[in-house]
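Q: Before I ask anything, let me first share the structure, which is written out below as structure tokens.
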Amino acid sequence: MSSRNNLPILAFAAAGLLGLAVLLALLVAPEDANQGVSQRIFYFHVPIALTAYLCFGLGAWKALRLLWVGGDRRDLESYTWIHQGTIFGALTLITGSIWARASWGVWWSWSSNQLVLFLVLFLFYCAYFMLRFSIEPGPRRERISAVYALFGVALIPVSFLAIRLASDFIHPTVFTREGPQMTGEMFAAFCCSWAAITLLAYVMYRTELAGKRTDLNLRALREALAR
Amino acid sequence: MTSGEKYVAAAYGVFLVFVLVWAAIIATKLARLERETAELVRLTERRVADDVDG
């Protein structure tokens, strides 16, 4: 089966995995001894954050390929990945804020490097859209957007490692050098959620990309007919 | 429902709402693309008819 027509299968797989992930996270995984029921937000919050990093990283990779090899299709791919990253980034901030309120009693903590750096990363990529839409479409916009997307990717490892570099220890560290600090059932729920959300992001990316390509093709057809 | 459960429901609910809003935006875009495609088909048919007549 070609990659063109497997999108419905992937979409159904993502929906099925998401359903399974919710069941595992809410019903199968045991309750955390320290945080209680609010810890169950972890099973969606962390995979959403990791997916956001992945989307930004793939956007930067497509940008690098655009600068290296060229081709306007890579510009659209990079833009679509970054758009997905922004959606998942917003979700990370919202679910994280809800978890913070449940665990720490506050919606936001400016003293937590992890939170602030993720916000910086998110705002950086929000500015990508302002930059992109302030330039006329064409090779110049493609190159400038690609360079900006590449700069942003440098923030990903900083944001990811901030939790380990932070000295406040507010934000919990679950994955250490000794492995995941959770039971097997908790880890299974986490892995299932991660797989589901990553697949969902890929399905969303492919759907959006198909829409944007169709839009461009229709525009080109309209211009050709107008001549 | 305890306070912790309400926060868990809110976090999962936000995720669901985001996905549904995204689906609604894509559906709107699809409807627009459908309208534009139909318009282009009409334009092409008219042009072909003009070519045959003229």
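Q: Check whether at least one residue in the range A:173-188 is in a helix (DSSP H, G or I), at pLDDT 85 or above, closer than 28 Å to B:Trp22 by Cβ and not β-branched (Val, Ile, Thr), and report yes or no.
A: Looking for residues that are in a helix (DSSP H, G or I), at pLDDT 85 or above, closer than 28 Å to B:Trp22 by Cβ and not β-branched (Val, Ile, Thr), one finds at least one in the range A:173-188, hence yes.
Q: May I ask you to say which residue of A:Gly57, A:Gly19, A:Gly89 is under 13 Å from the mean Cα position of the chain (by Cα), surrounded by fewer than 21 Cβ atoms within 10 Å (Cβ to Cβ) and part of a helix (DSSP H, G or I)?
A: Numbers: A:Gly19 fails: under 13 Å from the mean Cα position of the chain (by Cα); A:Gly89 fails: surrounded by fewer than 21 Cβ atoms within 10 Å (Cβ to Cβ).
The match here is A:Gly57.
Q: Show the residue pairs meeting these rules: Cβ distance below 6 Å; 6+ apart or different chains; first residue within the range A:87-99 and more than 8 Å from chain B (Cβ to nearest Cβ); second residue among the aliphatic types (A, V, I, L, M).
A: Taking only residues 6 or more apart or on different chains, the pairs are A:Phe88/A:Ile48; A:Phe88/A:Ala52; A:Gly89/A:Ala52; A:Thr92/A:Ile48; A:Thr92/A:Ala49; A:Thr92/A:Ala52.
Q: Being surrounded by 12 or more Cβ atoms within 10 Å (Cβ to Cβ), within 16 Å of A:Val203 (Cβ to Cβ) and of a type in the set (A, V, I, L, M, F, W, C) is the filter here; which residues of the range B:26-48 pass it?
A: From the range B:26-48, those surrounded by 12 or more Cβ atoms within 10 Å (Cβ to Cβ) are B:26, B:29-30, B:32-33, B:36-37, B:39-40, B:43-44; that's our starting set.
Subsequent filtering for residues that are within 16 Å of A:Val203 (Cβ to Cβ) retains B:26, B:29-30.
If the condition is that a residue be surrounded by 12 or more Cβ atoms within 10 Å (Cβ to Cβ), within 16 Å of A:Val203 (Cβ to Cβ) and of a type in the set (A, V, I, L, M, F, W, C), then B:Ile26, B:Leu30 are the ones that fit.
Q: Is it the case that the range A:28-48 has a residue that's touching a Leu at 6+ places or on another chain (Cβ under 7 Å) and crowded, with 21+ Cβ neighbours inside 10 Å?
A: At the first step, the residues of the range A:28-48 found to be touching a Leu at 6+ places or on another chain (Cβ under 7 Å) are A:40, A:48.
Narrowing further to those that are crowded, with 21+ Cβ neighbours inside 10 Å: A:40, A:48.
Yes, the range A:28-48 contains at least one residue that is touching a Leu at 6+ places or on another chain (Cβ under 7 Å) and crowded, with 21+ Cβ neighbours inside 10 Å.
Q: While we're looking at this one, here's another question. How many residues does the range A:104-123 hold that are buried (at least 20 other Cβ atoms within 10 Å of the Cβ) and either within 10 Å of chain B (Cβ to nearest Cβ) or part of a loop (DSSP other than H, G, I, E, B) (or both)?
A: 1
Q: Would the range A:70-82 turn up any residue that is within 14 Å of another protein chain (Cβ to nearest Cβ), farther than 20 Å from B:Ala9 by Cα and surrounded by fewer than 23 Cβ atoms within 10 Å (Cβ to Cβ)? Steps first, please.
A: If we filter the range A:70-82 for residues that are within 14 Å of another protein chain (Cβ to nearest Cβ), which is where we start, we get A:80.
Filter once more, keeping what is farther than 20 Å from B:Ala9 by Cα: A:80.
Among the residues that remain, those that are also surrounded by fewer than 23 Cβ atoms within 10 Å (Cβ to Cβ) are: none.
Among the residues of the range A:70-82, not one is within 14 Å of another protein chain (Cβ to nearest Cβ), farther than 20 Å from B:Ala9 by Cα and surrounded by fewer than 23 Cβ atoms within 10 Å (Cβ to Cβ), which makes the answer no.
To keep it simple, each residue is scored yes or no on (1) facing chain A (nearest Cβ under 10 Å); (2) more than 14 Å from A:Asp215 (Cα to Cα); (3) free of Cβ contacts under 8 Å to residues at least 12 places away in the same chain; (4) in a helix (DSSP H, G or I).
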{"position": "B:Val14", "(1), (2), (3), (4)": "yes, yes, yes, yes"}
{"position": "B:Val19", "(1), (2), (3), (4)": "yes, yes, yes, yes"}
{"position": "B:Ile25", "(1), (2), (3), (4)": "yes, yes, yes, yes"}
{"position": "B:Leu33", "(1), (2), (3), (4)": "yes, no, yes, yes"}
{"position": "B:Glu39", "(1), (2), (3), (4)": "yes, no, yes, yes"}
{"position": "B:Leu43", "(1), (2), (3), (4)": "yes, yes, yes, yes"}
{"position": "B:Val48", "(1), (2), (3), (4)": "no, yes, yes, yes"}
{"position": "B:Val52", "(1), (2), (3), (4)": "no, yes, yes, yes"}
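Q: Name the pairs: first residue in the range A:34-49 and more than 7 Å from chain B (Cβ to nearest Cβ) and more than 11 Å from A:Met186 (Cβ to Cβ), second residue surrounded by fewer than 22 Cβ atoms within 10 Å (Cβ to Cβ) and at pLDDT 95 or above, Cβ to Cβ under 7 Å, at least 6 apart or on different chains?
A: Note: pairs meeting the criteria are A:Pro47/A:Trp194.
Q: Here is a follow-up. Only one of (1) assigned to a helix (DSSP H, G or I); (2) of a type outside the set (Ser, Thr, Tyr); (3) more than 7 Å from every other protein chain (Cβ to nearest Cβ) is not met by B:Met1, so which one is it?
A: Against the list (1) assigned to a helix (DSSP H, G or I); (2) of a type outside the set (Ser, Thr, Tyr); (3) more than 7 Å from every other protein chain (Cβ to nearest Cβ), B:Met1 comes up short only on (1).
The values are calculated or read from the model by the stated rules, or taken from the named source; none is laboratory data. Please read all numbers here as calculations on a predicted model, not as lab measurements. Glycine also receives a Cβ, built like all others from the backbone with ideal geometry; neighbour counts cover every protein chain displayed.
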